[in-house]
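Enquirer: Below you will find the structure I want to go over with you.
The values are calculated or read from the model by the stated rules, or taken from the named source; none is laboratory data. Note that the coordinates shown come from a computational prediction; the quantities given were computed from them, not determined experimentally. Reconstructed Cβ throughout: ideal geometry from the backbone, glycine too, with neighbour counts over all protein chains shown. Just the protein is used for accessible areas: all its heavy atoms, side chains included, with ligands, DNA and RNA removed. Shrake-Rupley method; radii C 1.70, N 1.55, O 1.52, S 1.80 Å.
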Amino acid sequence: RFNLPLVQDLAADAAASARNNVPIFLFLDRYDCPYCERALAQFVVPMSKEPPWRDRAIFRQVEIDQPLPLVDFDGSATTHRALATRYRVALTPTVVVVDGAGRTVGGPVVGLLTADFYASYLESAIDAGRRKLGGSG
C-alpha cells in the first residue's frame, strides 16, 4: 500500500505552510478504494517525493472512513472522518488544497478522472493554491 504521511497535526502543518508559503495538499481516501490505491501509487506519492512538487505543497493523507485522531488547524482535537465531513468529501479519491487556516485554495479534484490527465489536474490544484497564497505557480 502506497501512502502519504497521515494527517496528525494540522496546526503544525499550518505553521509550516505559512513559513514556506505553500498550500497543504490533502489526499482523502478510504481503505477499500482501488482508485485511491492507483492514484497514490502512480501519481500522488511519486509527486510528493520529486522536485519540484515535493517543495510546492505539504502532502497529507486523510482516511475518511476512520475516526483517527488529529489536531485541527486551531489546535483543537478532531478526527479524519470529521475533517472529511467538513470538506464535504463523499467520493474517493478526493484532493483538497487548503491554506494554513483550512480554507480551500485549489481543487477539489474528485475521483481519478482520466488517468492520462490526472497528474495535470493535481499540478493545477497545487499551482492554484500557491497563487492564492502569493507564491509563484
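Enquirer: Could you list all residues from the stretch 50-91 that are part of a strand (DSSP E or B) and not hydroxyl-bearing (S, T, Y)?
Expert: Residues of the stretch 50-91 part of a strand (DSSP E or B): 58-63, 69-71, 77-79.
Residues satisfying the conditions are I58, F59, R60, Q61, V62, E63, P69, L70, V71, A77.
Enquirer: Still on this structure: Identify all residues within the stretch 112-129 that are out of contact with any Phe, Trp or Tyr (no Cβ under 7 Å at 6 or more places or on another chain), modelled with pLDDT of 90 or more and of a type outside the set (D, E); write none if there are none.
Expert: F117, S120, Y121, S124, A125, A128, G129, listed by residue number.
Enquirer: For the structure I just gave you, tell me whether A125 is loosely packed, with under 14 Cβ neighbours inside 10 Å and either touching a residue at least 12 places away in the same chain (Cβ under 8 Å) or part of a strand (DSSP E or B) (or both). Show your work before the answer.
Expert: Numbers: loosely packed, with under 14 Cβ neighbours inside 10 Å: no; either touching a residue at least 12 places away in the same chain (Cβ under 8 Å) or part of a strand (DSSP E or B) (or both): yes.
For A125, the condition - loosely packed, with under 14 Cβ neighbours inside 10 Å and either touching a residue at least 12 places away in the same chain (Cβ under 8 Å) or part of a strand (DSSP E or B) (or both) - is not met.
Enquirer: Considering only residues that are of a type in the set (G, A, S), surrounded by fewer than 21 Cβ atoms within 10 Å (Cβ to Cβ) and more than 17 Å from Y35 (Cα to Cα), which ones fall in the stretch 71-97?
Expert: First, pick out the residues of the stretch 71-97 that are of a type in the set (G, A, S): 75-77, 82, 84, 90.
Subset that is surrounded by fewer than 21 Cβ atoms within 10 Å (Cβ to Cβ): 75-77, 82, 90.
Selection gives G75, S76, A77, A82.
Enquirer: Within the stretch 62-69, does at least one residue satisfy the condition of being out of contact with any helix residue (DSSP H, G or I) (no Cβ under 9 Å at 6 or more places or on another chain) and either open to solvent by less than 80 Å² (accessible area, probe 1.4 Å) or among the acidic types (D, E) (or both)? Outline the logic, then answer.
Expert: Restricting attention to the stretch 62-69, the residues satisfying the condition of being out of contact with any helix residue (DSSP H, G or I) (no Cβ under 9 Å at 6 or more places or on another chain) are none.
There is no residue in the stretch 62-69 that is out of contact with any helix residue (DSSP H, G or I) (no Cβ under 9 Å at 6 or more places or on another chain) and either open to solvent by less than 80 Å² (accessible area, probe 1.4 Å) or among the acidic types (D, E) (or both).
Enquirer: If P46 satisfies every condition in (1) touching a residue at least 40 places away in the same chain (Cβ under 8 Å); (2) open to solvent by less than 60 Å² (accessible area, probe 1.4 Å); (3) out of contact with any helix residue (DSSP H, G or I) (no Cβ under 6 Å at 6 or more places or on another chain); (4) of a type outside the set (G, A, S) but one, which is the exception?
Expert: Against the list (1) touching a residue at least 40 places away in the same chain (Cβ under 8 Å); (2) open to solvent by less than 60 Å² (accessible area, probe 1.4 Å); (3) out of contact with any helix residue (DSSP H, G or I) (no Cβ under 6 Å at 6 or more places or on another chain); (4) of a type outside the set (G, A, S), P46 comes up short only on (1).
Enquirer: Give the stretch 1-43 a look and list any residue that's open to solvent by 60 Å² or more (accessible area, probe 1.4 Å) and part of a helix (DSSP H, G or I), or say none.
Expert: Selection gives A18, R19, N20, P34, Y35, R38, Q42.
Enquirer: Also: Go through (1) open to solvent by 30 Å² or more (accessible area, probe 1.4 Å); (2) at pLDDT 90 or above; (3) in a loop (DSSP other than H, G, I, E, B); (4) closer than 19 Å to Y35 by Cβ one by one and return the number of the condition P108 breaks.
Expert: (3)
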